[in-house]
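Asks: Supplied in structure tokens, the structure appears directly below.
The values are calculated or read from the model by the stated rules, or taken from the named source; none is laboratory data. Please read all numbers here as calculations on a predicted model, not as lab measurements. We place every Cβ from the backbone using ideal geometry, glycine too, and count neighbours over all the protein chains shown. Surface accessibility is based on the protein's heavy atoms, side chains included, excluding ligands, DNA and RNA. Shrake-Rupley method; radii C 1.70, N 1.55, O 1.52, S 1.80 Å.
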Amino acid sequence: MPERMSTTIVNDVLRGGGDRFVYLVSAMAALNGLLFGFDTGIISGAILFINDTFPAVENSALIEGIVVSGAMAGAATGAALGGRLADRIGRRRLIMLSAVVFFLGSFLMAVAPTVEILVAGRLIDGVAIGFASVVGPLYISEIAPPRIRGGLTSMHQLMVTIGILSSYFVNYAFSGSGAWRWMLGAGMIPAVVLGIGVLKMPESPRWLYSHGKPDRARAVLRRTRQGDIEQELGEIKETVERESGTSLTKLLEPWLRPALVVGVGLAILQQITGINAVMYYAPTILESTGFGSAASILATVGIGVVNVVMTVVAIAYIDRVGRRALLLVGTAGMTVTLAILGVIFYLPGLSGVLSITATVCLMLYISFFAIGLGPVFWLLISEIYPLAVRGSAEGVATVTNWLANLAVALSFPILTANIGPSSTFWLFGVFSAVAFAFTFKLVPETKGRTLEAIENDLRENVGVGD
Ligand code: BGC
């Protein structure tokens, strides 16, 4: 019996049991997620005041676009490099590097005397976001005991949502003074905490073993497991011995294809179902339902809070009901709420009851994302790949996710202007229905199993229903 069905990370923490050390290092690694969320959310507020300092940004939609989406382009690059780096230099050193790069990027943005330096800072910050999005979930999934791996790894997504929410607050706090340099510079604080924290974090036992350091791998397992470590060590040993050859050539082997399809498919679906259209444009959407600006900004904070709270709910259930169930409920719920949003925006003259219904639907949509595609995507891509290619394969899925994110962020204003908001919501709804079908047919259940057992199933070509 690989897991105790009723045990979740939340229960463990409440009872004071579980392995405090694993929780601690996982929370520290999840700061990568906090920086990811904060640095992607902060620009929406900062850009309003950057425009005042640099007329070049104000006068050119292109330059403004580059300042805003520069971080996403940087993140795609960082994720592309990060996957290989995680396999080469190790998970821990990459976390260290990401903390340093985060710090540099935030510092450069805060002091930027020219637009060029500001853009350079955004790009550098983006590279760090890319590193963080690959290595955060990867590290936690490899250090965590299988029984609570889902909940622990999803702390990454929880921190992403907390990062986004704190960026809304920081934006709000500095909005009176317009101090955009402080908004962007605030990212240096978690970067320093991560940089110091990582010194206390052990390297992933799986990476150590596969890089010829079995004794250190054993020592880390002993520190992070409560019971017998021999079985897990044996499984790691077996996988490492079986796998040789370089990562990139391995990635193309046919037996890996189902896992690649799942990772890349979910990466695209997580974005084209519209989450960031809502996260980045919420105030605009809400204003168009008839709310004033103040009410829209307040409701946007509400959306951020719902995102955090529902991610906590997901963490409580992910190791109990499993990844597939959460994804299925989440994508079904997103489909229904988006369909209703499409109808509301289709009706002429939004007001009163309808604006409230639209806001409730947006909140429900975020809730369904937060229990499904939000955390489960990041979790699955850190679980379903074999050790020899895990960093690189996760990098491929993460790059795809950032590129899809960029595509949606750039095309949302164009779509709403051309086909209107209601058809845009329906389009996202259709993609959510596709995500449901995709999960139903292709996504495997990984709850409670060791990473090595998941890999064996892939080798033996065990389907989702078996
Ligand atoms: C997604 C981000 C999104 C965030 C919202 C993450 O899982 O990858 O693109 O902004 O969730 O909570």
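Asks: Residue by residue through region 341-352, note down the ones that are assigned to a helix (DSSP H, G or I) and either open to solvent by 70 Å² or more (accessible area, probe 1.4 Å) or of a type in the set (Ser, Thr, Tyr) (or both).
Replies: Correct list: Val343, Tyr346.
Asks: Check off (1) touching a residue at least 24 places away in the same chain (Cβ under 8 Å); (2) surrounded by fewer than 16 Cβ atoms within 10 Å (Cβ to Cβ) for Ile419 and give me the number that stays unchecked.
Replies: (1)
Asks: Can you tell me how many residues within region 409-442 are modelled with pLDDT of 90 or more and within 16 Å of the ligand (Cβ to nearest atom)?
Replies: Residues in region 409-442 being modelled with pLDDT of 90 or more and within 16 Å of the ligand (Cβ to nearest atom): 5 in total.
Asks: For region 94-130, how many residues meet the condition of being without any contact (Cβ under 8 Å) to a residue 60 or more places away in the chain and over 30 Å from Pro55 (Cβ atoms)?
Replies: 2
Asks: Now for a separate question. Any chance region 305-321 includes a residue that's within 27 Å of Leu410 (Cβ to Cβ), in contact with a Gly (Cβ under 7 Å, 6 or more places away or on another chain) and either in a helix (DSSP H, G or I) or within 16 Å of the ligand (Cβ to nearest atom) (or both)?
Replies: yes
Asks: Right, another one. If we scan region 192-201, do we find a residue that is open to solvent by less than 10 Å² (accessible area, probe 1.4 Å), over 19 Å from Thr40 (Cα atoms) and among the charged types (D, E, K, R)?
Replies: no
Asks: Another one. Would you mention how many residues in region 282-301 are within 16 Å of the ligand (Cβ to nearest atom) and surrounded by 18 or more Cβ atoms within 10 Å (Cβ to Cβ)?
Replies: So the count comes out to 4.
Asks: I've got another one for you. May I ask you to list pairs of residues, at least six apart or on different chains, whose Cβ atoms are under 8 Å apart, with the first in region 265-278 being assigned to a helix (DSSP H, G or I) and the second being within 10 Å of the ligand (Cβ to nearest atom) and among the hydroxyl-bearing types (Ser, Thr, Tyr)?
Replies: Pairs that qualify, where the first residue is assigned to a helix (DSSP H, G or I) and the partner is within 10 Å of the ligand (Cβ to nearest atom) and among the hydroxyl-bearing types (Ser, Thr, Tyr), are Ala267/Thr398.
Asks: Picking from Arg218, Arg323, Arg242, Arg225, which residue would you name as being modelled with pLDDT of 85 or more and open to solvent by 30 Å² or more (accessible area, probe 1.4 Å)?
Replies: Exactly one residue qualifies, and that residue is Arg218.
Residues are listed down the side, and each one gets a yes or a no for (1) under 14 Å from Gly83 (Cβ atoms); (2) buried (at least 24 other Cβ atoms within 10 Å of the Cβ); (3) within 11 Å of the ligand (Cβ to nearest atom):
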site: Phe368; (1), (2), (3): no, yes, no
site: Pro375; (1), (2), (3): no, yes, yes
site: Ile384; (1), (2), (3): no, yes, no
site: Val389; (1), (2), (3): yes, yes, no
site: Gly395; (1), (2), (3): yes, yes, no
site: Thr398; (1), (2), (3): yes, yes, yes
site: Trp402; (1), (2), (3): yes, yes, yes
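Asks: Shifting gears a bit: Condition first: small (Gly, Ala, Ser), within 16 Å of the ligand (Cβ to nearest atom) and in contact with a Leu (Cβ under 8 Å, 6 or more places away or on another chain). Can you find one or more residues in region 337-358 that meet it?
Replies: no
Asks: Scan region 62-79 residue by residue and report those that are open to solvent by 10 Å² or more (accessible area, probe 1.4 Å), of a type in the set (Val, Ile, Thr) and more than 17 Å from the chain's Cα centre (by Cα).
Replies: Ile63, Ile66, Val68 - these are the residues of region 62-79 that are open to solvent by 10 Å² or more (accessible area, probe 1.4 Å), of a type in the set (Val, Ile, Thr) and more than 17 Å from the chain's Cα centre (by Cα).
Asks: Considering only region 325-336, state which residues are more than 14 Å from Gly429 (Cβ to Cβ) and either outside any helix (DSSP H, G or I) or more than 16 Å from the ligand (Cβ to nearest atom) (or both).
Replies: Ala325, Leu328, Val329
Asks: Here are Gly82, Gly163: which of them is under 26 Å from Pro386 (Cβ atoms), within 16 Å of the ligand (Cβ to nearest atom), open to solvent by less than 10 Å² (accessible area, probe 1.4 Å) and in a helix (DSSP H, G or I)?
Replies: Checking each option against the conditions leaves just Gly82.
Here's the yes/no breakdown for (1) in contact with a strand residue (DSSP E or B) (Cβ under 6 Å, 6 or more places away or on another chain); (2) within 22 Å of Phe174 (Cβ to Cβ); (3) among the aliphatic types (A, V, I, L, M):
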{"site": "Val111", "(1), (2), (3)": "no, yes, yes"}
{"site": "Val115", "(1), (2), (3)": "no, yes, yes"}
{"site": "Val127", "(1), (2), (3)": "no, no, yes"}
{"site": "Ala132", "(1), (2), (3)": "no, no, yes"}
{"site": "Leu138", "(1), (2), (3)": "no, no, yes"}
{"site": "Glu142", "(1), (2), (3)": "no, no, no"}
{"site": "Pro146", "(1), (2), (3)": "no, no, no"}
{"site": "Arg149", "(1), (2), (3)": "no, no, no"}
{"site": "Met155", "(1), (2), (3)": "no, no, yes"}
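Asks: Consider only pairs whose beta carbons are under 6 Å apart and that are at least six residues apart or on different chains; among these, list those whose first residue lies in region 319-332 and is acidic (Asp, Glu) and whose second residue is assigned to a loop (DSSP other than H, G, I, E, B) and open to solvent by less than 20 Å² (accessible area, probe 1.4 Å).
Replies: Listed pairs, sorted by first residue: Asp319/Thr8.
Asks: Still on this structure, I have one more. Could you say whether any residue in region 213-226 is touching a residue at least 60 places away in the same chain (Cβ under 8 Å), part of a loop (DSSP other than H, G, I, E, B) and more than 30 Å from Gly330 (Cβ to Cβ)?
Replies: yes
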